[in-house]
Each structure stands twice: as structure tokens, then as C-alpha cells.
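Note sheet for the following structure.
The values are calculated or read from the model by the stated rules, or taken from the named source; none is laboratory data. Fair warning: this is a prediction, and the values are worked out from it, not measured in the lab. FYI the Cβ positions are ideal-geometry reconstructions off the backbone, even for glycines, and counts take in every protein chain you see.
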Amino acid sequence: MTATATSNTKPADRPNRPSGAARLGQWAMNNGALVGLILLCLALFIATPDFLKLDNLVNIGIQASVVAIMAFGMTFVIVTAGIDLSVGAVAALGAMVSAYSFSTLGLPGILTLFIGLLIGALAGAISGLSIAYGKLPAFIATLAMMSVARGLTLVISDGTPIPTSGSVSLLGSSIGAFPVPIIAMVIAGLLCWFVLSRTVLGRSMYAIGGNEEAARLSGLPVKRILVTVYALAGLFAGLAGMVLAGRLSSAGPQAGVGYELDAIAAVVIGGASLSGGSGRATGTLVGAILLAVIRNGLNLLNVSSFWQQVVIGLVIALAVGFDVLRRKTAR
Amino acid sequence: MPDQRTPLLTLKSVSKSFGPVKVIDDVTVDVRAGEVEVLLGENGAGKSTLIKMMSGIYQPDTGRILVDGQPVHLPDVKAAEAHGIATIHQELNLVPQLSVAENITLGRTPQRFGVVDKPRMNAVAREALERIGLDVPLAKPVGELGVARQQLVEIAKALSQDARLLILDEPTAALTGREIDALFEVVDDLKRRGVGMVFISHHLDEIPRIGDSISVLRDGQFVAQVPANTSQDNLIALMVGRDIDDQFPRKRPEEQGEPLLEVQGLSSGEAFEDVNFSVHAGEVLGIAGLVGAGRTEVLRAIFGVDPYDSGSVTLQGKALPPHDVGRSIAEGLGLVPEDRKSQGLVLDASVGDNAGLATLRSTSKFGLVDRSGQRSRAQVVTDQLAVRMAGLDQPIRDLSGGNQQKVVFARWVMADAKVLLLDEPTRGVDVGAKVEIYELINEITSLGGAVVMVSSELPEVLGMSDRVLVMSNGRVAGVLDADDATEDSVMALAVSEVTSAVTASEPSTKSAGTPS
């Protein structure tokens, strides 16, 4: 034995090249949420063949879209070890300002679409500034933003829904056979994947979430990146809010209440850790669809919406518990 | 000297495998009452696996554990504690917010009808502290104590649970010289009371002061049991399985090069004042001083991590703006921080991602990562630095300390840094990898780079530096040529600015009032 072998004596150092069934098992472990989703779909199909009808699947896609878009934005935040509780309220505010600028101010429809996105990004940037430069904990800064955004939404709307412009309503409708919410979800997902895997910004997010100090000492502009991250989350929330408003052709003061928790759940079910440094766009997509499938399936099975809450809670606990177990065995 | 007494604890021919890898292979170790058994070996030699078996965290696959000569089974930590075996881990198991007394009695807090019985809690804690002669206020939150005293609180806690065998896992790693003296006095006292101890340390010079015998491990196998006064060279040879010709293979440059880094009048609040020095191409400037002398703070200020009040930093003739890490890196500065795990590495990320962290932005185009370029450069540099890994995609968490540190160096080689600021570059790195890091420093300077090295290990400072700058209490106390510098002359400068007021404000224990 020579001294060069010392580093190979640790268990984790050994190269791991399993094959066949072992590799499938490994893949299943790493994609637990996806496997769960597939199994759930099979079970629902057996229980009620209506489940796999095209209409129903499109319905699920539309149901999933708003939470999925928000969750993609949330993925950035969670990868940096942050949290954004404000996305539901920011979504409502973005949609409300957009609708207000159309209905009351008479601005052109396409412009109001961008106003909605801008308001979302702005709200996110403010959260980001108070977190990065004001040193507020993300939980507190975004909790405050949630209250402020919801309050402003109520102030602007005076408590009643406002009609949206045609451009925004288009977001909730279909182009031919293609439902625009699903298209928006796919585009948001691709954007999220691209940013996270290919851009300096995305890779920096993983570094910051994994070890903020190491990222800073490697010359990454941590504060600027954090502001961008929350602005992106706000932008995605603004888009989600307008898809939601578009489906109803009006922005409601209570739109999106509680959606931030669904978005967080989707990200976490998708395999991200709240302690940062991990998370993938595909996982988040699976998480958001899983939530929608559960709701849809339980509806088809005539389970009361009260019980749906219970089931979704259990699924979140199960998914994260499974993930903790996976990480433990991987060590 | 043959000892007829039954050992307190014996691991008899134990083996342990993780998957196909045997990490401990047929090792036998005895720990006797009133003696300190030193476990020595490089990182990955199996020391931590061994002590985890002693403390019930791991169970041996084969072999037996004997306590007082009787075979026992230690399924968990509680079982080991029931036999009087306690471990003082490197990462202390204390709750910083709770008081000293609460920590000592944690898990068995005296209570009456569910209410904490404070008088009894304090009595238990006071007795525990008295046993090791530690004088700290019982009500003080543990987090407000220094590391050294926290460690002693933890030892007191173990003793109050009737521990007969203490496992000390690198207890001196975070301590200053005087704190180590204090700790060793406690250890000596415990020996006299018949407590057996297992001691792990990377500091070979500590071993004869404290140990009775040494069990040397290499690659999970038992190599030899030798007396504690075995020479350091022999110990190193036993550990690495070959002779290391030279612990400090510094090749000094023939002549002085151009000044690369110039620091003038740098001051920052209480941390340091009027620091001046320059480092030339091909040179290693060592910075010595006591912990708290402001060495790390100076490095961080130069690198732009922290702002400073006045002064200037010039790199290759160009003034560096304060508080701008990005610019410092762009101009050719690199920092290997003090604490690899909390400041140097993204532990969950891969080797490749960690190596490429400083060049992520500079090599990007239109905000997109240069994935293939980053990867191939990381491959080249990690090969060049002989990082032992399964591949660039391996999580860096799985590498040994020395290899992790080499990846931090690789980051700066990739970034083409001209001047490297090193803060305790070989902390937690085993002997073999230390020499490799020294060779790396040689290579950097031979290519015309310069190195500023802060280190608390005097032999390292003296062995690797061309000049030694000594800081004391935030000021430059003096600069010595390597040829003139001795441990004594460096230490004399290091304490020169330390007033009695400072020493009086941090006495470590009652029994250690006088510095040696």
C-alpha cells in the first residue's frame, strides 16, 4: 500500500458505476417526485378512466399553470436559500395594476400586460433590496411585502374585481387548441431551466445558496444577484397573476391568496432543499403538476375539498421525508 | 513498559466496511485508565471511524469491543455513555444560547414537578466545573465564552456524567498556545484521577507533551504502537509509509523581483492600524502573530471583503479600490480563506463547480456560462495540482481536507492570480498533503507570482517564508528575514504590543494564570 491510496479509503471516494436495474433504481431515487406522479396517474386511471381523457389532462395543465409559473420564480429564491412569501399577493397586485391601468386609465392593452410584469418585478426587487442591503431576513421582508402588496391590491380595487385588457385575457384563453396558460407555463419553465443551468446568474444562485461566504470570496456580486433573484420571482409572480386574471377576464382583490404556499410546496416536492444550493426547474414542474393532479383526481373521485387539504399536506410531508431519506443514504 | 492492568477499553481486531471499501481493517487498540492513547494517522486513515466505534456511533463488522475486559455491545451513543465513554467532538455539542449550567445538565436537567430545580442544577454544574478547575459564571450563555472555555465546559459536562474515558477529537485545533497549555493541565489532572483518554491531533509536537503511547494508523490498518516520545520524523514516516525528506521544501529565490503587492498605511477601526508592507515577485511573505492580532482582518481588507478606513493597496502598480472583491480578482489577487468549509467551498457542489467559481463571470459570454471551457480548464488545473478525485462531478464534500484545499488553490490558478493571500493554508490538512501544498506555493512563486501567508504554525511560517512579518495587537511589530527569524524572535515580536490589560481580560482557567 502506498500513501497515494489514502484518499481512496473513504467510502464516498469510490467511483460508483452500477448498471441495469441498479441504475434504474438510482434514477427512481433521484426522481422520486416524478415516479410518484407516474404512479399516481396510473392509480387514478385505474380508479376512474375519465382521468386520462384529453380534456381532463388539459384541464390539469391549466390548473397547474398559475402555481407552476410562480413556483419557477420561487425556485430561484429557494436555490439561494431564501423564501418568498409574497408571490401570491404580488401576483394579485400585478394583475390589479394592469387591470386598473386598462379599465380606469385607458392605457393600451399590450402596454398593461407589461405594466403587470413590471409591477411584479418591482415588488420583488424591493423585497430583494431589503434582504440584500437592508439585511432583513427573507421570511420577514417578503412577509411584509405580502401584506403591503395585498393591501395595495385592495386599495386600488376598492375590494371589487376590475376587468382586464384583451391582451391579459388572451393569457387565460386558448390559441386554437392550445391553452395559453399551458404555453405560458412551458415558456416560464424553459426560462427557469435555462437561467439555472446555463447562465452565470443561475450558477451563482447555486453557489450563494450553497455557501454565501464562499461565493462572495470568489468575487460574485452576492447582493446584486439576490436583488435580481427576488425581482425574477416577482416577475414570474406578475405573469402568474395575469394568467390567473386572464382566465376570469378580471383581476380580483383576493386572487392568489395562499398560492405562495403551493408554490413553495411545488419547489420542495420537486427536490429542492430549503437550506439552499439545490433545486431544478424540472423538479418544480413535476411538483406543481403533482399538486394539480392530486386536486383533480380527488375531485374526480368526489372527495371533498376539505379532505383534499389533508391529502396535500400529507403528500408534502411524504415527498420531503423521502428526499431527506434519499440524501441520507447517498452519503 | 508492559502493563498488567486490564484496559478500560479495548477494540479487539475490529474491522468496518462501507460498501466494498474496508475503512478499518483488523485494528486493535487499548485505552488504559490514567493514560492518554494518541491516535495518529493522515486524514482518511480511519481515526474518526475508530472513535465512532468507541462512542457507539458505528458498530464494528467483525471484532469485539471490551470494557474492563468484558465484551460489550455499543448500539448507540447512549450505550457508550452508560459505560462511561464520552466524546468531545471538534464541533462542540453545546447550545450557545443556554447558560453554562444548563448546558452541563442538558438532557438530565434536575427538576421538580416538571420545573427546573435551579439550585440543584447549579450545584451539579459547579461541582463539574470545580473538577477541572474552570471558573466561569454558571449563568453565562455558553456562546459568549471563547472556544477554549466552551471546550472545557464540554469536558466538565462529560465528567459530570461519570465519564471514565474521554475521546478528544482534535481538541487543540482551534486553540491558541496558552489555551492549549490550559487544556493540557486539565488533561494531566484527569490522568491523575484515573480517567483514560483517546487523543487525536495533527500537531505532532503536542504528542510527547500529553500522550503516553501512540497508535499509528494508515489506510485503515494498524501500523504500530510506539511510545509518545518517538521522534517526529519517525512518526511521519509511520503515518505516510515513506520518508518525507523535507517538511518545508521552500526554494528561496536568488534575487528579489519586482514588487507585486504594496500595502500602505492600511487601518481599520479596532482591527488593525497603519499596516505597511510589500511583496515581491517570487516571494513568500509570512505573517505571524497571536490569534486576534488582526492578520485575517488585514488579508480580508486587502482582498476587498471588508472595507477599511484609510490606506491603499496597490497591485502591479495599479491601485485597488477598497471593498471590491470582483476588481481584486480581476487584477490578479486570490484569497484562500481561513475556514475551508465555511468560507472556501460550496460543499454540496461538485469539484468542477468549486474550482471554477472565481472564473464563472470572467469567462462568460452574454451572461452564459462557458461550460466546456470552464470544464476543460478545471480538468487541466486539477490534474496539474494532482487533486485526487473520482472526477470533476464528484461532490467536493467527499474529498479529504488536503484535496479540498487543493481545489481552492485550483480556483485561483484558473483565475490566473498573480498574488495569493493564504490564511492558514494547511489547517486540517494531513502531513503528506501539507508538503504538496508547500510545493504548490513554490510553483506559484517560481512562475513569478507572490504569496502572503498567514499562519499560526510557527514552524510553517519559518520554514516556508522568505520574510516574516509579525503582527501584534493590530500593528506590524516587525519584519524579519527568514534567516534571522527564530521561534523566539517571532514570539517576542508577537507579544510586544500586547499589554497586560489584554492578557488580564482573557484568562483561560484558574489553573493557567501564568503563561508558560
Inset, instruction - Tell me which of these A:Ser304 doesn't satisfy, since it passes every other one: (1) within 30 Å of A:Asp50 (Cα to Cα); (2) touching a Lys or Arg at 6+ places or on another chain (Cβ under 8 Å). - result: (2)
Inset, instruction - Among the residues of region B:27-84, write down those that are part of a loop (DSSP other than H, G, I, E, B), of a type in the set (A, V, I, L, M) and in contact with a His (Cβ under 9 Å, 6 or more places away or on another chain). - result: B:Leu74
Legend entry - Selection status of B:Asp430, within 14 Å of chain A (Cβ to nearest Cβ), of a type in the set (Asp, Glu) and over 21 Å from B:Ser201 (Cα atoms): no
Legend entry - Sole residue being within 14 Å of chain A (Cβ to nearest Cβ) and surrounded by fewer than 18 Cβ atoms within 10 Å (Cβ to Cβ), chosen from B:Val95, B:Val21, B:Val77: B:Val21
Inset, instruction - Give the residue that is modelled with the highest pLDDT, with candidates limited to residues of region B:223-244 that are within 13 Å of chain A (Cβ to nearest Cβ) and under 21 Å from B:Leu11 (Cβ atoms). - result: B:Val223
Inset, instruction - Determine which member of the set A:Ser197, A:Ser204, A:Ser169, A:Ser147 is in contact with a Leu (Cβ under 6 Å, 6 or more places away or on another chain), part of a helix (DSSP H, G or I) and hydroxyl-bearing (Ser, Thr, Tyr). - result: A:Ser204
Inset, instruction - Return the pairs, sorted by first residue and then second, in which the second residue is assigned to a loop (DSSP other than H, G, I, E, B) and not charged (D, E, K, R), the first residue lies in region B:27-48 and is at positive phi, the beta carbons are less than 8 Å apart, and the residues are 6+ apart or on different chains. - result: B:Gly34/B:Gly194; B:Gly34/B:Val195; B:Gly44/A:Thr9; B:Gly44/B:Ser400; B:Gly46/A:Thr9; B:Gly46/B:Gly220
Legend entry - Residue ID - surrounded by the most Cβ atoms within 10 Å (Cβ to Cβ), chosen from residues in region B:367-387 that are more than 9 Å from chain A (Cβ to nearest Cβ) and basic (Lys, Arg): B:Arg377
Inset, instruction - Considering every residue within region A:219-234, establish whether at least one is over 20 Å from the mean Cα position of the chain (by Cα) and of a type in the set (A, V, I, L, M, F, W, C). - result: yes
Legend entry - Of the criteria (1) touching an Asp or Glu at 6+ places or on another chain (Cβ under 7 Å); (2) buried (at least 20 other Cβ atoms within 10 Å of the Cβ), which one B:Asp219 fails: (1)
Inset, instruction - Go over the candidates A:Ala89, A:Ala81, A:Ala64, A:Ala68 one by one and state the one that is modelled with pLDDT of 85 or more, surrounded by 15 or more Cβ atoms within 10 Å (Cβ to Cβ), within 14 Å of chain B (Cβ to nearest Cβ) and within 22 Å of A:Cys192 (Cβ to Cβ). - result: A:Ala81
Legend entry - A:Tyr100 of a type in the set (Phe, Trp, Tyr) and surrounded by 16 or more Cβ atoms within 10 Å (Cβ to Cβ): yes
Inset, instruction - Quick one: in region B:24-45, of everything that is within 20 Å of B:Asn229 (Cα to Cα) and within 14 Å of chain A (Cβ to nearest Cβ), which residue is modelled with the highest pLDDT? - result: B:Leu40
Inset, instruction - Check whether at least one residue in region A:207-220 is part of a helix (DSSP H, G or I), surrounded by fewer than 23 Cβ atoms within 10 Å (Cβ to Cβ) and of a type in the set (A, V, I, L, M), and report yes or no. - result: no
Inset, instruction - Return a yes/no flag: does region B:388-396 have any residue that is under 13 Å from B:Leu440 (Cα atoms) and either within 8 Å of another protein chain (Cβ to nearest Cβ) or not aromatic (Phe, Trp, Tyr) (or both). - result: no
Legend entry - Criterion violated by B:Ser465 - all others in (1) surrounded by 22 or more Cβ atoms within 10 Å (Cβ to Cβ); (2) in contact with a helix residue (DSSP H, G or I) (Cβ under 9 Å, 6 or more places away or on another chain); (3) at pLDDT 90 or above satisfied: (2)
Legend entry - Which listed residue, of A:Leu191, A:Leu232, is within 14 Å of chain B (Cβ to nearest Cβ), surrounded by fewer than 22 Cβ atoms within 10 Å (Cβ to Cβ), farther than 30 Å from B:Leu333 by Cα and at pLDDT 95 or above: A:Leu191
Legend entry - Hits in region B:222-249 - residues which are within 23 Å of the chain's Cα centre (by Cα) and not in a loop (DSSP other than H, G, I, E, B): B:Gln232, B:Asp233, B:Asn234, B:Leu235, B:Ile236, B:Ala237, B:Leu238, B:Met239, B:Val240
Inset, instruction - Under 8 Å between Cβ atoms, at least 6 apart or on separate chains: pull out the pairs that start in region B:316-339 with a residue that is touching a residue at least 60 places away in the same chain (Cβ under 8 Å) and buried (at least 22 other Cβ atoms within 10 Å of the Cβ) and end on any residue that is in a strand (DSSP E or B) and acidic (Asp, Glu). - result: B:Leu335/B:Asp423; B:Val336/B:Asp423; B:Pro337/B:Asp423
Legend entry - Residues located in region A:148-189, provided they are more than 16 Å from A:Val90 (Cα to Cα) and of a type in the set (Ser, Thr, Tyr): A:Thr160, A:Thr164, A:Ser165, A:Ser167, A:Ser169, A:Ser173, A:Ser174
